[in-house]
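Since the structure comes first, as structure tokens, the remarks are kept for the end.
The values are calculated or read from the model by the stated rules, or taken from the named source; none is laboratory data. Keep in mind that this is a model prediction, so the values were computed, not measured. Note that each Cβ is placed from the backbone with ideal geometry, even for glycine, and that neighbours are counted across all protein chains shown.
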Amino acid sequence: MMATFDLEEQEQLAELKTWWQQHGRRVSSLVLVVAIGFAAWQAWQWWQNQQAGKASAVYAGLQQAAGKNDLKQVKLLSGELIEKYAGTSYAGMGALIAARVEVDQRDNKSARAQLAWAAGHAKDEGLRALARLRLAVVLLDDKAFDEALAQLATTPPAPFTPRYADVRGDIYHAQGKTAEAAAAYDVALAAIDAQEKAADDSGRGSKRAAYRDLVQRKRNALNATVPPAAEAKS
């Protein structure tokens, strides 16, 4: 019986040797590729964590500079985030903070550049939507009405729907387009009502009510009656 087992083992070893001679190089290559891929993934994760840590420190400095209204330092640190850490969320958030400080100090040109970058490159979809919204407001302030409307032409994430429609109403109103403004405000009001109906939060209800009241007052001031669907046709 032992001799039989030895013979079977020898045959299996011979088969394994033959198989290895035929496929061993391919298997070794696959193992090497997997090992290299895993090492590269680990290196990438390490680098990403390093970048995020460094970006976080720069962002903290930017927040401090913004709190002091130090425009020069705000621009410097925001530029560093965009130049060195564009792949992190901190770059987009930093651009939004920098734009706010620049608008406060009447540097709309720089604010527009910051917001345009964030609208196109921020890592988070919500940040990109917010950047487009704020850019539209700055463009409205600069009376660049067509450019402002272009920023709001895309469909935003649902939470931004009321604000996008509201700002469209402001732009149309500034252009003297009363019917279009009324229709936009109607869309904003309907979106606010839909969000209120679907909401399961208790802390933001009063804020939504105050915001709805503001939009309603703007709508009432137009003395125009336009169905909500009219905005889509305008």
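For residues that are within 18 Å of ALA221 (Cβ to Cβ) and within 25 Å of the chain's Cα centre (by Cα), scanning just the stretch 163-184, find the one that is surrounded by the fewest Cβ atoms within 10 Å (Cβ to Cβ). Among them, the one singled out is ASP170.
Quick grid of which residues meet (1) among the hydroxyl-bearing types (Ser, Thr, Tyr); (2) closer than 23 Å to GLU125 by Cβ; (3) at pLDDT 95 or above:
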position	(1), (2), (3)
ASP142	no, no, yes
GLU180	no, no, yes
TYR185	yes, no, yes
ALA188	no, yes, yes
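Quick check on the stretch 98-128: of everything there that is among the acidic types (Asp, Glu) and closer than 21 Å to VAL58 by Cα, which residue is farthest from the chain's Cα centre (by Cα)? Walk me through how you get there before you give the answer.
First, the residues of the stretch 98-128 that are among the acidic types (Asp, Glu): 102, 104, 107, 124-125.
If we keep only those that are closer than 21 Å to VAL58 by Cα too, we end up with 102, 124.
Values: GLU102: 21, ASP124: 3 Å.
Among those that are among the acidic types (Asp, Glu) and closer than 21 Å to VAL58 by Cα, it is GLU102.
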